[in-house]
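In what follows, a single structure is set out as structure tokens and then discussed.
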Number of protein chains: 2
Amino acid sequence: MPYVDGPISGEQAKQHALTGLREAIARGEMAPAQRLVEGELAERFGVTRGSIRAALIDLTAEGLVERIHNRGARVRVVSVEEAVAITECRMVLEGLCAAKAAAQATDEQLSELAALGQAMVKAVADGEPLTYSALNHELHAYIRDISGQQVAVELLQRLNAQLVRHRFQLALRPGRPQKSLNEHLALIEAIRAHDPEAAQVAVHAHLASVIDALRE
Amino acid sequence: MPYVDGPISGEQAKQHALTGLREAIARGEMAPAQRLVEGELAERFGVTRGSIRAALIDLTAEGLVERIHNRGARVRVVSVEEAVAITECRMVLEGLCAAKAAAQATDEQLSELAALGQAMVKAVADGEPLTYSALNHELHAYIRDISGQQVAVELLQRLNAQLVRHRFQLALRPGRPQKSLNEHLALIEAIRAHDPEAAQVAVHAHLASVIDALRE
DNA sequence: GGCAACAAAAATGTCAACAATCTTGTTCGC
DNA sequence: GCGAACAAGATTGTTGACATTTTTGTTGCC
């Protein structure tokens, strides 16, 4: 009996295609505005065209993909102007999460935060911007986690997914990690001091600086 | 030639079903947790089952509907706890919009705001909570409009759609319109004074009061 | 050579039948 | 009478073929 299975399908297949596509877009494999042909993607992921189509519809709702009637799907390009608007929203939503995190973080979570902060210091000292960027992302995610504000967390995940390209571009800018590091350390300190007000201010300051950097 | 057209279909049909369903949910025609049977809805709206299915998928992404595999779609029920979390997010996002609106509103827009405020005063004086609720909604939408913050506006529309049931319940509570009115007038004044800080504070105060009311 | 009309190919959109799954009602054994 | 197994009906999920539309390539005319 030959092991030539046809394309898998069903819910599992759609999920596979969805995560695969999302990651491919995130790591920049798909150039912006590149056409996403259903047939090609179906073959590449070994699923049916229907699964790919369903995944593309989901990604459209997430704002990562743009679909035009009878003209297929493309990777959506996020202009600098829009990236700024998105970051403004992140500013207030992450401010909310940081304030909540500061109010209710446990001692265990606080020491985890401190550890993250030290790892970031080390990454900058070692001159490893990619490691730093990953830790950066992890820190923000952890703070969201602590906040327990499920609604804000979901909104932020959507918004962040749309910024992958800009985030990447920003991380490699010389001098940027050092500035960002100080802002993050201030944020960590505010949370460790259980000071919601200061945490919110720190987030605002940090993301205001990100907005400046976005605009070059 | 008989005028018995079958169910219409295509993009137009899906849009028709989508808006129809959204409005039906908004006006509470569909009880919470009620099953949404694809076949019934298809007949009701005169479209094919495929169009209904597509619309339900979209509404799921919008958070208005819940779909379980092989078990169909239901109107999603938003718990009080979740309504509070949603309102917290509204607080910061509408605060952002109000601040922007205060910074950049034109004279024409300011007088439109004043007119809205006076209409609200009249609605409360006349004891018409439904009119007031509609004006309330209109005011918030107009401020979002002035802000020009497209990203925040879209997020807020999503969030607001999920609150229809709670909003309705809140509007009919005795004494609530009077309190709400004062908060709105303060917000309008702050924007008219081109004071972003005060506008943001007014929004926060207003929605904090909404959260208190939600919790009863 | 350039352009418009046309033809071929590719890609997306749509549908109707079929398959899989869940729900409900009934029967049988205890 | 009660519960479990079973069968019938209802509902959703999936597929593959087909229709529509866009795109590409070609031809013929000026």
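The values are calculated or read from the model by the stated rules, or taken from the named source; none is laboratory data. Computed from a predicted model, the values in this text were never measured in an experiment. Note: ideal-geometry Cβ built from the backbone for every residue, glycine included; neighbour counts use all protein chains shown. Keep in mind that these areas ignore ligands, DNA and RNA; they rest on the heavy atoms of the full protein, side chains included. Shrake-Rupley method; radii C 1.70, N 1.55, O 1.52, S 1.80 Å.
Among the residues making up segment A:62-75, those that are within 15 Å of DNA strand C (Cβ to nearest atom) and surrounded by 15 or more Cβ atoms within 10 Å (Cβ to Cβ) are A:V65, A:E66, A:R67, A:A73, A:R74, A:V75.
Among the residues of segment A:86-141, those that are without any contact (Cβ under 8 Å) to a residue 40 or more places away in the chain and charged (D, E, K, R) comprise A:D107, A:E108, A:E112, A:K122, A:D126, A:E128, A:E138. Whenever a residue of segment A:52-63 is free of Cβ contacts under 8 Å to residues at least 12 places away in the same chain, its partners that are of a type in the set (A, V, I, L, M, F, W, C), lying with C-beta atoms within less than 6 angstrom and at least six residues away or across chains, give the pairs A:A61/B:A61. When each of B:A102, B:A114, B:A61 is tested for being in contact with an Asp or Glu (Cβ under 8 Å, 6 or more places away or on another chain) and over 25 Å from A:L59 (Cα atoms), the lone residue that passes is B:A102. In this structure, is A:I86 in the same structural domain as A:I25 (by TED's automatic domain parsing), out of contact with any Lys or Arg (no Cβ under 8 Å at 6 or more places or on another chain) and open to solvent by less than 60 Å² (accessible area, probe 1.4 Å)? No. Do the conditions hold for A:S133, that is, is it modelled with pLDDT of 95 or more, of a type in the set (S, T, Y) and assigned to a helix (DSSP H, G or I)? The answer is no for A:S133.
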